[in-house]
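Q: The following block contains the structure, expressed as structure tokens.
The values are calculated or read from the model by the stated rules, or taken from the named source; none is laboratory data. Note that this is a predicted model, so its numbers are computed, not measured. Note that each Cβ is placed from the backbone with ideal geometry, even for glycine, and that neighbours are counted across all protein chains shown. Accessible surface is based on the protein model in full, side chains and every heavy atom, while ligands, DNA and RNA are left aside. Shrake-Rupley method; radii C 1.70, N 1.55, O 1.52, S 1.80 Å.
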Amino acid sequence: MLTLTNTQARRVFLDRHRLSEAPQGPAKGDDLLALIHSLGFVQLDSINTVARAHNLILFTRRPRYRPAALKSLYEKQRKLFEHWTHDAAVIPMDFYPQWHLRRQRDAERLRSRWRKDRREGFERQFQVILDQIKAEGPLCSGDVGKDEPRGSGGWWDWHPSKTALEYLWRSGALCVTGRDGFKKRYDLTERVLEQHLCTPADPPDVEATVDWCCDQALARLGFATHGELAAFWAHITPVEAREWCKNEQTAGRLQEVAITGADGSVKLAYARQGLEQDTALDAEPTNRLRILSPFDPALRDRKRAERLFGFDYRIEVFVPEPQRRFGYYVFPVLQGDQLVARVDMKAFRDEDTLRIKALWPEGKTRWGKGRQAAFEAELERIKKLAGVDNVAFEDGWLRGPAQDFL
């Protein structure tokens, strides 16, 4: 059985997530689309302490990236569509047929679940919503159900027409065509997509979708357990992924590999045959220091990141402030094949300043002059994305090792 050292495992992992190569190159049009295609999708998130997650994810890999390039691909060129993986994401339009099963399963699952979540009356709004959009064109949630009581706006308190919009989108009758601010704009699917995508003559069946999901997830992970394969797109069940792995292994297309974790433990995973010849095993990642989004594809599976990097991370936006270990929105810091720190920072745009509140080095990482210079260089780059001209370090910003706070 092939055994990967922890260094080899990290290298494969970073290579597949496009974090091994130097961050450079064109970042718009077909070049940007190719990057998103290789990642599979880019998660969307509204929090904008420095930059929204989708923008930072792309900027981290291509510093020439600007948000207008993604907006163009998505809203003007229609080369991306929005739907769910593990969360809301923009996805290459080429993949739209593979969401047929997801839309079917969402239609069944959400109707049952949302009936129980105090969203009475949302099903009665389906045709009302469709007729209104047909007559008026693309609409946001604030444009529908204007006579319905408004609550907090949280998912647990949507008014019936907002719930109907979301259901019709998730199940396929509507498409999200873009966002106004961060509010989704919905239109009829047949007015957005080409006919062969709206009503395919031969949509992928369950078996074909499971095959596509597992094969494409494995290509973007390098190695994975069946549970990790199922979770990548979040379309299929772990049982379906396990059966796929079993069949592929029997056919000789898949092998079991032993993956060494940061703590020396070994965990079995699956990989394609020939992984031992993969050039990523011997390719040392760029030493460029980079600040990652908490929702970066390399970190979305927190357990996997902890196994490979010894990086125990939790997003604390929903944690009451007195109980936070680090901060509201803390960014992981990558250098080489190590997660070397986490930083709490925020762009105060009224002050035209990116403020560094606190940084905690990871493990035994030494925060010397060289690393500080690399960090400051990254801050100079990232302030452009944040829309400010200055960087300021607050008193006492350099803290003790992160592990002392875990």
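Q: Using just the helices of the chain, give the 222 nm mean residue ellipticity in deg cm²/dmol: DSSP H runs with n ≥ 4 each add -39,500 (n - 2.57), and the total is spread over all residues, rounded to 500.
A: -10500 deg cm²/dmol
Q: Separate question: When a/c is below 1.5 the answer is rounded, else prolate if a/b is larger than b/c, else oblate, so apply that to region 1-106 with a ≥ b ≥ c taken from the square roots of the Cα gyration tensor eigenvalues.
A: oblate
Q: Also: Starting from the 7 Å offset along Cα-to-Cβ, what nm value, one decimal, do you get for the label separation of GLU351 and ARG324?
A: Distance between label points: 1.5 nm.
Q: To continue, here is another question. Below 22 Å, Cα to Cα, which lysines can LYS303 reach? Residues fewer than 8 away in the same chain don't count.
A: Qualifying lysines at Cα under 22 Å: LYS267, LYS364.
Q: Another question, then. For VAL340, what residues show an amide H to amide H distance below 5 Å, using hydrogens built from the backbone and excluding near sequence neighbours?
A: Hits under the 5 Å cutoff: VAL333, LEU334, GLN335.
Q: Same structure again: If you plug each phi of region 370-375 into the Karplus form 6.51 cos²θ - 1.76 cosθ + 1.60 with θ = phi - 60°, what whole-Hz ³J(HN,Hα) values come out, in order, with x for Gly and Pro?
A: Whole-Hz 3J(HN,Hα) from phi for region 370-375: x, 5, 4, 5, 5, 5.
Q: With only Lys, Arg, Asp and Glu charged, each at its Cβ (+1 for the first two, -1 for the last two), find how big the charge dipole of the chain is about the Cα centre; round to the nearest 20 debye.
A: Charge dipole, the chain, about its Cα centre: 660 debye, nearest 20.
Q: Determine the distance separating the Cα centre of region 290-312 from the Cα centre of region 66-131; give it in Å without decimals.
A: Rounded to whole Å, the Cα centres lie 26 Å apart.
Q: Among LEU188, THR163, GLN132, whose Cα lies farthest out toward the positive end of the dipole of region 97-201, if unit charges sit on the beta carbon of Lys, Arg (+1) and Asp, Glu (-1)?
A: Sorting the options by dipole projection puts first THR163.
Q: May I ask you to give the average projected area over all directions of the convex hull of the Cα atoms of the chain, in nm² rounded to one decimal?
A: Averaged projected area of the chain's Cα convex hull equals 21.7 nm².
Q: In addition: So for each of 255-265, 84-94 I average, over its residues, the number of other beta carbons within 10 Å; can you give me the resulting order with the highest mean first?
A: 84-94, 255-265
Q: At 1.4 Å probe size, with the rest of the protein present, what percent of the exposed accessible area of region 263-406 is carbon and sulfur atoms?
A: C and S atoms contribute 46 percent here.
Q: Next question. Counting Lys and Arg as +1 and Asp and Glu as -1, what is the net charge of the other residues whose Cβ lies under 12 Å from the Cβ of GLN77?
A: +3
Q: Next question. Order the following by accessible area, largest value first: VAL388, VAL206. Probe radius 1.4 Å; ligands, DNA and RNA are ignored.
A: Ranking VAL388, VAL206 by accessible area, largest first, yields VAL206, VAL388.
Q: Once phi is turned into θ = phi - 60°, what whole-Hz ³J(HN,Hα) does the Karplus curve with 6.51, -1.76 and 1.60 give for every residue of region 176-190, x standing for Gly and Pro?
A: 8, 9, x, 9, 9, x, 10, 8, 5, 10, 10, 9, 5, 4, 5
Q: Something else now. How long is the gain from CYS140 to THR5 if the chain were fully straight, where each residue apart is worth 0.36 nm and the alpha carbon distance is subtracted?
A: So the chain would gain 43.6 nm between CYS140 and THR5.
Q: Distance in nm between label sites at LYS28 and THR199, each 7 Å beyond Cα in the beta-carbon direction?
A: Here the answer is 3.9 nm between the modelled labels.
Q: Which shape class, rounded, prolate or oblate, goes with region 267-306 when its Cα gyration tensor gives a ≥ b ≥ c as root eigenvalues, a/c under 1.5 marks rounded, and past that a/b bigger than b/c marks prolate?
A: Here region 267-306 falls in the oblate category.
Q: Turning to a different aspect of this structure: Among 270-282, 168-180, how do they line up from the highest to the lowest mean number of other beta-carbon atoms within 10 Å?
A: The densest-packed peptide leads the list: 168-180, 270-282.
Q: Sticking with this one: With the crude spin-label approximation of a point 7 Å out along Cα→Cβ, what separation in nm comes out for ASP215 versus ARG66?
A: 4.0
Q: Just the number please: accessible area per residue for the chain, 1.4 Å probe, all protein chains included, in Å².
A: 46
Q: Where q = 0.09, 0.13 Å⁻¹, what log10 of I(q)/I(0) comes from the Debye formula for region 209-328, counting one point per Cα?
A: Once normalised to I(0) and log-transformed, intensities are -0.32, -0.63.
Q: Under a straight-distance cross-link criterion of Cα-Cα below 30 Å, which lysines are reachable from LYS162, leaving out those fewer than 8 residues away in the same chain?
A: Within reach: LYS71, LYS76, LYS79, LYS116, LYS134, LYS146, LYS183, LYS184.
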